[in-house]
Amino acid sequence: MPALHSGLVWCRFRTGAFVLIFIAARRACEHGLASCRAVPGRRCGCAQIVCRRYRRRGHRMCDAAQRQDRSGTPAPAFAGAGVNLLWTSGWDSTFQLLRLLLKHRLPVVPYYLEDPTRASTTTELRTMRRIGDALRDTFPETRDLLQPLRTFPVGELEPDPDIADALRTIRTRIFIGSQYEWLPLFCKRHGMAGMELSVHVDDKVQALLASFVCEFDQAGKYRSFRVDPRHAGTAEYALFRYFSFPLFRIDKRAMAREAESEGWSRIMDMTWFCHRPLQGKPCGTCAPCAYAIEEGLAWRVPRARRVLSFFYRKLALPLKPPIRAALASVWKR
């Protein structure tokens with residue numbers, strides 16, 4: 001029994017140490033990002049670039065010359081049939097959809113990249129159909145504005161060495177999901193630029209790109225962000241040059257407040273986010289469930305699974321970074 005007790009104590013000590021290391025590392029990273037935003041000309045260790053002053057209104061503005069990449073090709077954010085929006089049925093992209101349709105009265109072309117290996121794919125497609133039907137019934141003016149959903153199978157995308165290298169480089173600093181390889185592959189294959197991606201405050205990608213983006217005017221209706229062409233040659237530019245980020249300065253709580261004040265809450269409550277649903281309900285342990293809880297939308301996860309999620313986030317999730325780092329070091333050998 002004493003040996004068993006000692007083993008349990010040692011196990012708890014190791015887990016606690018991992019948690020403390022994780023928190024310390026994350027705070028150090030956040031401190032570094034905050035410092036590089038505030039001090040003009042300071043070299044940022046997390047991004048390895050020289051940052052300019054991060055002004056209160058957000059970021060340095062893009063002028064006409066900066067809206068072109070080095071090849072001279074313009075990067076339009078609004079062209080053709082309407083605003084190109086990556087829509088997943090999730091909270092963030094649905095919020096932007098409602099803003100475009102109901103607030104700005106702009107036509108929208110929604111895109112969805114279909115991953116047959118993800119357990120939530122069928123649920124997401126079904127949810128988008130339900131939201132589309134509810135929009136057309138509740139807000140008849142959207143019938144002409146919301147274009148049919150355009151889907152594309154991820155399995156048909158051909159690998160691109162530049163995009164793969166950029167993702168690997170970024171993952172040495174911060175882990176981001178495999179969708180950040182699919183999305184630029186899709187845009188590059190179809191010659192698309194300005195696809196709206198619903199990156200928001202508290203998103204890892206928002207922190208990653210904070211010192212890389214510039215602000216611009218979108219269709220004369222609202223302000224948005226994109227990666228500044230001056231950062232061409234960086235992994236961040238290679239991966240995110242195809243997108244614009246209209247939600248770059250707003251978090252989920254602010255979205256909820258705006259949706260309620262605009263009368264959109266019923267539509268927003270229809271959104272879906274879980275990658276591994278259990279009996280038609282959020283699992284509580286996948287990354288989107290964890291983010292929803294941490295970013296103020298815990299009420300969207302069933303109570304019993306919130307309890308499970310608590311232990312997962314406190315005990316298992318902190319072990320992922322050191323495990324990924326260890327695996328990365330093994331792969332490099």
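Structural remarks
- Residue in the stretch 262-273 that is at pLDDT 95 or above, in a helix (DSSP H, G or I) and in the same structural domain as Phe186 (by TED's automatic domain parsing) present: no
- Residue list for the stretch 224-263, filter: free of Cβ contacts under 8 Å to residues at least 12 places away in the same chain and basic (Lys, Arg): Arg257
- In the set (1) surrounded by 14 or more Cβ atoms within 10 Å (Cβ to Cβ); (2) part of a loop (DSSP other than H, G, I, E, B), the condition left unmet by Ala166 is number (2).
- Subset of the stretch 169-202 [assigned to a loop (DSSP other than H, G, I, E, B) and either in contact with a Pro (Cβ under 6 Å, 6 or more places away or on another chain) or hydrophobic (A, V, I, L, M, F, W, C) (or both)]: Ile174, Phe175, Ile176, Met192, Ala193, Gly194, Leu197, Val199, Val201
- Total residues in the stretch 156-168, condition free of Cβ contacts under 8 Å to residues at least 40 places away in the same chain and in contact with a Pro (Cβ under 9 Å, 6 or more places away or on another chain): 1
- The set of residues in the stretch 141-163 being outside any loop (DSSP other than H, G, I, E, B), among the charged types (D, E, K, R) and under 20 Å from Ser93 (Cα atoms) consists of Glu141, Arg150.
- Within the stretch 130-140, the residues that satisfy the criterion of being surrounded by 12 or more Cβ atoms within 10 Å (Cβ to Cβ) and either touching a residue at least 40 places away in the same chain (Cβ under 8 Å) or in a helix (DSSP H, G or I) (or both) are Arg130, Ile131, Gly132, Ala134, Leu135, Arg136, Thr138.
To keep it simple, each residue is scored yes or no on (1) small (Gly, Ala, Ser); (2) touching a strand residue (DSSP E or B) at 6+ places or on another chain (Cβ under 6 Å).
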| site | (1), (2) |
| --- | --- |
| Arg226 | no, yes |
| Ser244 | yes, yes |
| Glu262 | no, no |
| Trp272 | no, no |
| Cys283 | no, no |
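- All conditions in (1) farther than 30 Å from Trp264 by Cβ; (2) modelled with pLDDT of 95 or more hold for Arg173, with the sole exception of (2).
- In the stretch 189-205, the residues that are farther than 25 Å from Pro159 by Cβ form Cβ pairs under 9 Å with partners that are of a type in the set (Val, Ile, Thr) and in a loop (DSSP other than H, G, I, E, B), at six or more places apart or across chains, as follows: Ser198/Thr88; His200/Ile250; Val201/Ile250.
- Options Thr169, Thr127, Thr122; residue that is under 30 Å from Gln279 (Cα atoms), hydroxyl-bearing (Ser, Thr, Tyr) and out of contact with any Ser or Thr (no Cβ under 6 Å at 6 or more places or on another chain): Thr122
- Evaluation of Arg230 against (1) closer than 28 Å to Ile170 by Cα; (2) modelled with pLDDT under 95; (3) assigned to a helix (DSSP H, G or I) (one fails), failing number: (2)
The values are calculated or read from the model by the stated rules, or taken from the named source; none is laboratory data. Bear in mind that the values here come from a model prediction, so they are computed numbers and not experimental data. No Cβ is skipped: glycine too gets one built from the backbone with ideal geometry, and neighbour counts run over all protein chains shown.
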